[in-house]
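See structure below.
The values are calculated or read from the model by the stated rules, or taken from the named source; none is laboratory data. Computed from a prediction, not measured in an experiment: that's the story for all the values here. So basically every Cβ, Gly included, is an ideal-geometry build from the backbone, and we count neighbours across all protein chains shown.
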Amino acid sequence: MEGQFAGLIALLLCAVALVWSFKRVGLPPILAYLLTGLLAGSYGFGWIDNSHEIQLIAELGIVFLLFSLGLEFSIPKLMAMRSVVFGLGSLQVLVTTVVLAVILKYLGFNWIEALIIASLIALSSTAVVVKELKERGILNIRRGQLAVGVLLFQDIAVVPLLITIPLLSQSDNQVLVGALILALAKGAFVCMLLWAIGKWVLPKVFNEVAMARTDELFVLTTLVVALCAGALTYAFGLSMALGAFLAGMMLGESQYRHQLEAEIRPFRDILMGLFFVTVGTQLDVSYVIQSFFYIILVLTLLIVLKLSIIFLLAQLMGERRKDAFAAGILLWQMGEFGFVLVALAGKHQLLSTEAASFLIALGVLSMALTPYLISETDRLVKLLRIDSEGRPGPHEQGFITSSKVKNHVVIFGYARVGQTIARFLRPEAIPYIAVERNPAIVQEALTAGEPVVFGDPTQQEVLKSANVSEARLVIISLNDFDKAQAVIDAVKRFAPEVKILVRMKDDTHLEALKELGATEVVPESLEASLMMVSHVLYMSGVPMRRILKRVSIERQNRYEYLHGFFTGDSQEMKEYAGPEGASYSSDRLEYLHAIALPDDAYAVDKSIAELDLARHKVVVKALRRNGEEISIPDEDTTLCASDVLLLKGKPRRVERAEQFLLDGLP
């Protein structure tokens with residue numbers, strides 16, 4: 001037990017270190033998990049054994065992945081994709097299997113071996129492809145829909161393969177046909193059963209759970225639904241992933257869809273990581289080294305053959321060349337169910353040990369290469385001059401064509417403020433490109449055809465993709481000083497001459513942002529105050545021209561009239577400071593403080609110039625004497641007993657200035 005626990009700790013530490021390292025250099029986490037499995041498996045340090053229990057837990061990652069995928073694809077959406085699922089999907093599996101089987105037969109394999117190898121190579125990796133689509137925010141654009149549609153049919157096609165392979169060792173054809181018919185009947189029944197449960201039972205269950213207003217209960221119910229759906233299809237001899245997908249699809253139209261996906265995501269991501277670790281444990285490095293030339297050769301042929309088949313079939317279905325090519329890049333690899341089929345065929349002596357080892361190595365390496373090829377899709381399209389016909393899709397509008405846009409506005413942050421800015425730019429025919437890190441916002445915006453890209457605005461590649469160097473204006477609407485600071489620094493290094501407009505909650509960092517290179521800083525709270533003042537003055541009868549002039553002057557003076565307020569007690573100071581709290585305000589924010597001068601005060605009978613309050617870094621905003629207020633009194637004004645001075649400054653400085661005015665202490 002102690003050895004297993006130590007192995008688990010070593011596995012987790014290795015995974016954390018590798019995922020962090022890979023993310024730092026811009027590589028996908030999938031590669032980190034595969035390398036972790038390689039190090040931790042029986043061919044590495046042996047931290048974990050690739051037992052049935054470990055594989056079962058890892059398979060739950062695929063279950064949760066397909067459940068969240070089902071939430072994205074409701075029944076109406078799936079019906080709209082039926083030509084892709086049952087048209088392109090069926091053709092891809094059939095044509096790839098036949099072509100590969102003929103090639104393998106020509107190379108000396110018998111028909112049974114050729115058909116088994118061809119059918120499992122025809123399958124692609126749902127785990128790798130869907131994870132990449134989600135992370136890159138391209139799940140709902142055309143290339144993503146083509147890939148998902150084909151993957152769904154492949155997952156359905158796994159069922160007859162799981163039934164057929166054990167029966168191929170028998171010679172009775174009637175048994176084989178009967179088993180296939182029974183499998184189809186089971187599949188139809190369980191689909192109808194899950195459809196009924198999802199339509200009439202699950203909405204009521206989640207209504208009751210939501211009424212309880214308990215987060216733990218909602219999470220637990222989500223997990224139970226996904227696992228029970230998978231267990232139901234598994235009990236009928238189908239894959240657990242298929243059941244989870246059907247359950248998610250049933251809930252895809254409910255009002256709980258986004259909450260369900262949020263609750264399932266942590267479990268899905270962790271278990272998906274474990275799944276890729278188990279895949280990595282199956283790679284025998286010594287065998288790869290021995291057969292390196294042949295593996296690379298077959299890997300190259302696999303890319304060319306499978307990509308070409310998908311590319312041609314998608315075009316025959318009426319898809320654009322660019323989307324067809326991108327779908328081929330997404331689907332060229334072998335899939336996770338291929339490992340299951342290899343093990344099943346080996347168990348029934350339908351594949352030799354050498355062939356099984358070769359296929360496992362081929363599958364792992366193809367899955368490892370896929371994220372890199374996906375990231376290079378656009379570059380390959382340009383390199384191979386695969387032109388796109390017709391109107392660009394939403395993804396291409398936001399990313400591919402961005403390099404061609406000039407004299408445009410770049411919006412970093414496409415939440416409420418960013419989207420509002422875009423809505424006002426559009427009617428004025430001002431081109432813009434938005435960059436957002438929230439994949440959900442990116443997906444929704446891309447689906448709506450808006451020019452939005454997913455990425456970190458501090459990365460040079462993202463700035464290139466948005467063509468910041470040719471922009472007329474960069475808008476930073478992130479509402480976080482540290483992030484805004486990093487973005488300004490990155491933009492200024494990339495395009496020193498571009499103008500930068502920054503949106504902040506208040507004016508706390510106004511001067512700091514100006515020094516960093518921001519052209520203008522818009523503090524939300526101060527602008528809201530100006531708008532309120534404008535309405536008050538207008539409703540009080542002040543002419544609009546005069547109001548606009550006052551507001552314009554205030555902006556030119558950097559909101560000088562709006563700085564400094566009476567803050568009262570510590571709670572009011574905390575509210576004034578915002579979420580950072582009162583301690584933060586004492587260091588950063590300025591406020592007003594009234595000081596009444598008694599008869600024996602040090603400042604009495606001295607002029608403001610003599611007191612030299614500037615060395616205390618405070619400002620005299622007003623002087624009240626005999627019920628009248630003198631705004632910003634002259635330096636020559638002599639102070640009298642009973643005068644009230646209004647000082648503006650940071651709290652500690654105002655305290656020191658008050659001691660000086662009253663007692664003469666420096």
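Summary of computed values
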{"item": "S469 vs. criteria of a type in the set (S, T, Y), in contact (Cβ under 8 Å) with a residue 24 or more places away in the chain and over 24 Å from K134 (Cα atoms)", "result": "yes"}
{"item": "In segment 22-42, the residues that are within 20 Å of V462 (Cα to Cα) and small (G, A, S)", "result": "G26"}
{"item": "Test: residue in segment 356-376 that is modelled with pLDDT of 85 or more and charged (D, E, K, R)", "result": "yes"}
{"item": "Selected residue (criterion: surrounded by the fewest Cβ atoms within 10 Å (Cβ to Cβ)) from residues of segment 479-514 that are acidic (D, E) and touching a helix residue (DSSP H, G or I) at 6+ places or on another chain (Cβ under 9 Å)", "result": "E497"}
{"item": "Filtered residue count, segment 459-481, keeping only those that are more than 18 Å from the chain's Cα centre (by Cα) and assigned to a helix (DSSP H, G or I)", "result": "6"}
{"item": "Subset tally (residues that are in a loop (DSSP other than H, G, I, E, B) and in contact (Cβ under 8 Å) with a residue 40 or more places away in the chain) for segment 624-656", "result": "6"}
{"item": "Residues that are more than 14 Å from D643 (Cβ to Cβ) and surrounded by fewer than 18 Cβ atoms within 10 Å (Cβ to Cβ), drawn from segment 604-618", "result": "A609, E610, D612, A614, R615, K617"}
{"item": "Count of residues meeting criterion [on the phi < 0 side of the Ramachandran plot and either at pLDDT below 85 or not charged (D, E, K, R) (or both)] in segment 623-645", "result": "13"}
{"item": "Selection status of I303, part of a helix (DSSP H, G or I) and of a type in the set (V, I, T)", "result": "yes"}
{"item": "Which numbered condition G26 misses (of (1) assigned by TED's automatic domain parsing to the domain that holds L271; (2) over 24 Å from V285 (Cα atoms); (3) modelled with pLDDT under 80)", "result": "(1)"}
{"item": "Residue ranges of helices (runs of 4 or more DSSP H) in segment 66-154 with at least 3 members more than 26 Å from L316 (Cα to Cα) and in contact (Cβ under 8 Å) with a residue 12 or more places away in the chain", "result": "111-122, 126-136"}
{"item": "Selection status of V533, in contact with an Asp or Glu (Cβ under 9 Å, 6 or more places away or on another chain), part of a helix (DSSP H, G or I) and at pLDDT 80 or above", "result": "yes"}
{"item": "Test: S90 is modelled with pLDDT of 85 or more and surrounded by fewer than 19 Cβ atoms within 10 Å (Cβ to Cβ)", "result": "yes"}
{"item": "In segment 425-440, residue surrounded by the fewest Cβ atoms within 10 Å (Cβ to Cβ) [restricted to those that are within 16 Å of V487 (Cα to Cα) and of a type in the set (V, I, T)]", "result": "I433"}
